[in-house]
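Reading through the structure tokens given below for one structure.
The values are calculated or read from the model by the stated rules, or taken from the named source; none is laboratory data. Since the structure is predicted, the reported quantities are computational estimates derived from the model, not experimental observations. Note that each Cβ is placed from the backbone with ideal geometry, even for glycine, and that neighbours are counted across all protein chains shown.
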Amino acid sequence: MLKIGEFSILSQISIHMLRHYDDIGLLIPEHVDDFTGYRYYSERQLPIANKIQALKSMGLGLALIKEILTKYTSNDQLKDYLELHAMGQREKIANMQKQLNLIQTTIVNLGHVFDIPLYSVALKKFSAHNMISVRGRIETPEDEAVLWEKLAKERYRKIYSLQPQL
């Protein structure tokens with residue numbers, strides 16, 4: 001049996017945290033002296049302590065670590081869980097990368113924006129007239145040319161359809 005201080009040194013977990021882990025039921029000492037209240041751990045608990053430290057370093061909270069240690073008892077089960085967790089983390093990273101790119105683009109654009117004059121807004125009525133429109137999604141600036149070509153083709157098609165047949 002190891003005293004809490006000895007176990008603390010071997011596991012690299014502070015005495016304070018070991019007491020906290022005991023309080024929340026995460027890592028319960030193998031024996032607690034009824035008279036002194038001293039906590040004693042066994043060497044068999046070191047791998048559990050190492051697993052707790054590893055899961056903490058992965059950013060998992062103590063409640064989740066407790067759940068993992070309870071539910072996923074085999075290495076295969078833990079591996080499956082960690083693969084799912086890794087996939088979720090990759091999605092978070094991808095979303096954060098998109099946000100970072102947007103922030104960086106905005107910073108660059110703010111550096112190039114000139115003072116835009118304020119315009120007065122007025123509602124006007126126009127007589128009815130024919131219009132042509134084309135809708136599409138532009139993924140890149142080069143895609144804009146495709147929409148302009150579609151608009152031009154539609155314009156010529158409409159013009160020729162309105163001309164009297166000779």
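Being in contact (Cβ under 8 Å) with a residue 40 or more places away in the chain, under 30 Å from residue 14 (Cβ atoms), among the small types (Gly, Ala, Ser) and in the same structural domain as residue 6 (by TED's automatic domain parsing): is that true of residue 42 here? It is true that residue 42 is in contact (Cβ under 8 Å) with a residue 40 or more places away in the chain, under 30 Å from residue 14 (Cβ atoms), among the small types (Gly, Ala, Ser) and in the same structural domain as residue 6 (by TED's automatic domain parsing).
From the list 105, 73, the one residue that fits, being among the β-branched types (Val, Ile, Thr) and not in a helix (DSSP H, G or I), is 73. Report yes if residue 66 is surrounded by 10 or more Cβ atoms within 10 Å (Cβ to Cβ) and in contact (Cβ under 8 Å) with a residue 40 or more places away in the chain, otherwise no. It is true that residue 66 is surrounded by 10 or more Cβ atoms within 10 Å (Cβ to Cβ) and in contact (Cβ under 8 Å) with a residue 40 or more places away in the chain. Looking only at residues that are over 32 Å from the mean Cα position of the chain (by Cα) and among the acidic types (Asp, Glu) in segment 11-41, which one is farthest from residue 52 (Cα to Cα)? Out of the qualifying residues, it is 34. Residues in segment 1-27 that are exposed (fewer than 15 other Cβ atoms within 10 Å of the Cβ) and closer than 27 Å to residue 81 by Cα: 5 in all.
When each of 158, 153, 71 is tested for being among the charged types (D, E, K, R), surrounded by 10 or more Cβ atoms within 10 Å (Cβ to Cβ) and closer than 30 Å to residue 13 by Cα, the lone residue that passes is 71.
Can you tell which of 110, 151, 100, 147 is in a helix (DSSP H, G or I) and within 30 Å of residue 56 (Cβ to Cβ)? Within the list 110, 151, 100, 147, the selection yields 100. When residue 130 is tested against (1) in contact (Cβ under 8 Å) with a residue 24 or more places away in the chain; (2) in a loop (DSSP other than H, G, I, E, B); (3) closer than 30 Å to residue 22 by Cα, exactly one condition is not met: (3).
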